[in-house]
1. With a sphere of radius 12 Å drawn around the Cβ of B:Gln624, what net charge do the other residues whose Cβ falls strictly inside it have (Lys, Arg +1; Asp, Glu -1)?
2. For the protein assembly as shown, with every protein chain kept in place, what is the accessible area per residue (1.4 Å probe, Å²)?
3. Accessible area of segment A:218-265 with a 1.4 Å probe: how many percent of it is carbon plus sulfur?
4. Residues of B:525-534, mean number of Cβ from any other protein chain within 10 Å of their own Cβ, rounded to a whole number?
5. Would you jot down the residues in segment A:54-81 that end up with at least 20 Å² less accessible area in the complete protein assembly than in the chain alone, with a 1.4 Å probe?
6. Note down the magnitude of the dipole of segment A:300-369 about its Cα centre, charges +1 on Lys and Arg C-beta and -1 on Asp and Glu C-beta and zero elsewhere, to the nearest 20 debye.
7. Taking the alpha-carbon centroid of each part, what is the distance from segment A:27-95 to segment B:250-317 in angstrom?
8. Beyond 22 Å, what share of the Cα-Cα pairs of segment B:4-232 is found? Please give it as a whole percent.
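The values are calculated or read from the model by the stated rules, or taken from the named source; none is laboratory data. Model, not experiment: these values are computed from the prediction. Every residue, glycine among them, receives a Cβ derived from its backbone with ideal geometry; neighbour counts consider all protein chains shown. The protein model used for the area step is the full one, side chains on, heavy atoms only, and it has no ligands, DNA or RNA in it. Shrake-Rupley method; radii C 1.70, N 1.55, O 1.52, S 1.80 Å.
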Amino acid sequence: MKRAFFAALLCAAAQVLTAAPEAKETTLSGQKAVVLSNACLRATVVPGTMGALAGLRWLPGESELFGPYQYTRETINELLPDKQTVTVRGNRTLFWNGTVLFHQPLGKCEIRRAKDAVSVAMTGRFIGGFPVVLTRVLTLKEGASAIGIAVTVSNFGKEPQEIRLWEHLVADPEGSVPDVSLIAGPGVRRLGRYQDTEKHKGGNLVVDTFRDGNLSRHIVPGADWIAATGGKSRLTVFLRAKKEDLAEDGFFYTWKSETAKMHTAEILLRRITLEPGGNRTFELELGVLSGLAVLRRLQGDHGFDFKRSGGTLTWRVSVLRPVPARKCLVSAGTWQKEFTLPALRPGECAGGRITGAPDLEDDAFAFQVE
Amino acid sequence: MKRLFLALLAAAALPLAAAELEIGPEGIAVTPQDPAANWKKAALVPYMTLGPEGKPMALAFRNGQAETPELTWRVTAKKRHALTEISSEIENKTQKELWIEPELRLVFDGGTFLRFWDGFNVVKEAGAAPLLRRTTKSKFEKNVGASMMPFPVSAVFGKKSAVFLGGALFDPISFSASGFYPEARQLAFSFRFVLAPGKSVAFRMFLGESGTRYGEREGVVQKFYDSLPELWATDQENPYIWGAYTHYQSWWAKPDAELLRRRYATIEWCYCPYRRSGDIYGYDELSDYKMFSKPRNVPKLGGVMVDAGKMTNADYRKLRKERFDRFGRKFGWMFYNSCCGLWCEITLAQKRFPDSINDDPDVPRILTTWSTAYDKEIRTFPYGTGYQKFYEDSVRDTAKEVDPPGFAFDCGYGGAFYRGPAVGKDIPGRAWDEKGKFIEQALAVNRQVDLVRSLKGRDGRPLTAWVNGYLKADRNELEAGFRNHGRFMRNMPLWRYWVGPKPASISSHFMFTLLFPDWRTKTPEELTEALAKVADYTMLSAFKYGMFYDFVQTNGNPVLLYVMPELEECIRTGWQATVPLTTVPAGLRIPFRSRYGRGVQTIFYLGNSAPKPVSGTLRFDNAQLDGKRAVYLFLRHLREDSSTVNKVEQGETCVDAELPSRTPVLFRAVAGVDCPAGTLVTVSAQRQLHKRVITLDFKGKAFTSPLEVRELRAFRPAEVTLDGKKADPKAPLAFRDGSRLVLTYKSLEFRSPASAIASFFVGAKVRKQAEFTVCAPEEARSQAERFVTYFEFLKDKKVFGKNSAVPQVVITSKPKFEKGKILLFCREKQVSGAGRQSGALAVWAASPEALDRNITALFRVMDKTFVYDPPFVQTMGLPREPLLYTKLYGKCLPYRKFWGEYK
């Protein structure tokens, strides 16, 4: 017999989520900034520092997801360029094989407003030391707790350029030291720059900063997302890339230094070669889910956490956009069960139990939403 | 009643001596000697913590002895220049192992203390709460090393004075702690030891006072430099440590002797000259093992492509020996050495030396494909473990077979704790914490440096230890650029305090993209100016920190090579912590300043980075120079003739100076005398290549004083005349108003002025043909051939034409002095030098090595005639594109010879 129950909704979040998205100019730590907001998120973007998503506020719970942002500019000596420092928290696009400069400007900035979405498009040249134009467009749609990230790289140099896009994310929901979760693929897992490697069979991986210390990891992807979950509201910030951009040699990267205080959640897309005059656009998504202990499955607009105990599978779900009730198929090996997910909006979550689950490892369970 | 009284009197010219310390039946009383001290009296009270869970217990010294049921603690004290050395011995009276933390606390009876320094890089404001340092680890600093350790002191600062307790760097101490308890007015400093049953431990701490006028921490550190110079002792005759780092240019590629010489390169970091990490010698029985990954064919050993996977062990060692025999001593090849035994191929360590594995979780433990690029390596500890004997034997065997001039030690950092089985042995240096017993990694590094220094090469010279880090060494390296705001700034000034007067160098990539990510937005002219500014910043910083830079910086920046002789002189003289000078007007902006040497060997450096000159009066505080005389007289450096007016006022020597923009300014002490205030002394110099004449004209009241005269390297000691009569500087001399003191130095390298040497090459310069003959005895053949190499290099660099003549070498034991001949003489007891005689140019020396040195000196003079400045080319961290954009590729930035040239 299928048994399910729906957990209490997080009513604090049950407000009207249909306000039209807005974009307005502001300043942050003395720099020009653009705020994109809808009923779920208020995202503050700083074009002057790599178009960083520097501030992110989860409006249903009035929770900060990135902590304070700070930019400083200091003259060391008149013979040297100024020393600029930027808070490591937030999200930005870098090049893995380029010079890492958090303060490089994407100086050309344009706000775009549509009926149900707002965007900020930022462009800079010679990013990471490459003769490329990089355009980063962040888009927030009505009612969504996710931001679309479109990165276009154009090679205006005379030589082919081999590049690897590095989408950087450091989140600390509600000031927490979050757990970083991801699904690893089978393969060699490299630990640290010079450190050890180990063979990994793949599956869910949770990096607990307190347990794992300063360990850094390069991990073969087993899915298309990496996430950080923490805070009393268990808010999850994830980055998701397209599978094809992770294919071949793309990998996840999570590391911590003493100064960072927490592990990062980063995606390294596969290497590509841009011929002179060539360009390429990469699309990613940065989203926020609430109420999950750890994000274990991300399927479309639905994020799941689950735990199996004996024959009972306890699950919990949260969403990125308002969704109607849907059928969901949970499977493990040859076992399958179908159940119904309720209509949900961002900030709400639901949960339930399914009996008869087989005695298989958690990694064997998959959720397929209709 | 036994009373030990240490009266520490300060000589007139000496800075403040250590606090007075009286060991008596009621304890140890301390009285400040600094008139500016804001405390009148203190007691030195022993505390003891019995670990791991005990609390500090106050004990009492009675006639220098404290007792507990478990132990006896005896102390004695003696003056060590400006410090008081407090020697302790603690005896374990029990039959069980004791974990002890002996602590000395200075308990003040009053006074106001504003700030506290715990030995790390920050001085903390003193409030009500105790300020404690209970760790010796800091931020993990180097990929494979560990972290900066604190300078082992505990210091409190009043408005004008400081008082401190501390230990000696490099003593075998694994753990120190420092603390200040403001409410109880207690300054604490402690060590931790593990004491075997019935055994004793001996250690030393230091008590000192310092002024804060020239820096709070700097004043403290300077006392250690002044009082314990043996910790930073250097060998001035070591041919490798006083020059630029070759930075793989003689290791990856076939060495280009002339290019390296023009870059002032004397030392090379020979990265990984072994097949298996941990086995640097390459023992046959260990050579057959499964490599973690496949070796690659890489250039090393002076440009040979080496694939360790395809060579037999015997062939590898044979090749290595042949290459070191050929190039090792010539190019200062320091044998890279498994990081003092801190890393070892993992299976070797696990199978043969499992007790040596260091599993400190705070630092990387296992490295994949690092030093050899195909081994997996694990952190090891070569002290008290099974690996110690093997490693030390392999160092000896390598030294014997390869005969390198020295060893290059990576990872010369502390900050990693070994807790393996060896901590169960009764070996010096064991400490403890809540996790158990441990030994600090730094102890192993210092031990291995001592081993290397105890070995001698075939030339009879002790081997050199070059350490990437701040620990014990003949020369230290910092792997970060001056412009690296991260690592460099984070390490400074603590790293510099540790290294002190020893030679140091810095190496990094150029960091162009990091500095100029937006370079395309600049015009070529703007970018060129930005590059020139960066070069000047490097130059000014090098003099500030006393560090050699390498070719990554000097390519295209000939000004950095122009100043290299003076930079070398400064570094040889020894970097000091305090720069005891003030300015009028006060606060004159001089962002770059440093001091080298003490007493009459002092050099002050000042650098103005502003676009315009700054002017004012510089007041050198003689009492802080730690010399023998009350007053030192200074001369501004030029290579041309110059003079400086010195006015003596209240123990200070005052000179007026204009500091030009972006130009290093040096003031050298030339002599020290006990002259009265108000004396005016004009110091002038006539400088020629082969001779220096320093004239001091005195105006003011008559006085009698011994004289202290500066020693100049590569010159014979000065002949001294006072008012035209030869004078003995050791005897008191009578100076009157109008006296003239003349110091004459003669060069050990040259017998003729530069103009005479240049005149020999006029024809060659005009015709771009080296149409002359080099005559030399057989034993100087290779030295004679250097002249051929010199001119071949000029052809290669297109200074001379492709088909231009190079010198002919004639081997003869009876050369004739004739026009157009360069004669080399190499005879025992030969007076050294180079100069013109009967139309010829001759170089004399007592040995081939000395001849080589003199030829190198001669070549530097010839370089002024045959100019070649290594230009900008694409190199580490400097891409080709911006050089093409600025049209600087293959060219150099212009510069001013702001010091002129020797005549």
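1. 0
2. Values: 48490 Å² over 1273 residues.
On a per-residue basis, the protein assembly as shown sits at 38 Å².
3. 53
4. 1
5. Hits at the 20 Å² cut-off: A:Ile76, A:Asn77, A:Glu78, A:Leu79, A:Leu80, A:Pro81.
6. About 300 debye.
7. 47
8. Here the long-distance tail beyond 22 Å is 50 percent of all Cα pairs in segment B:4-232.
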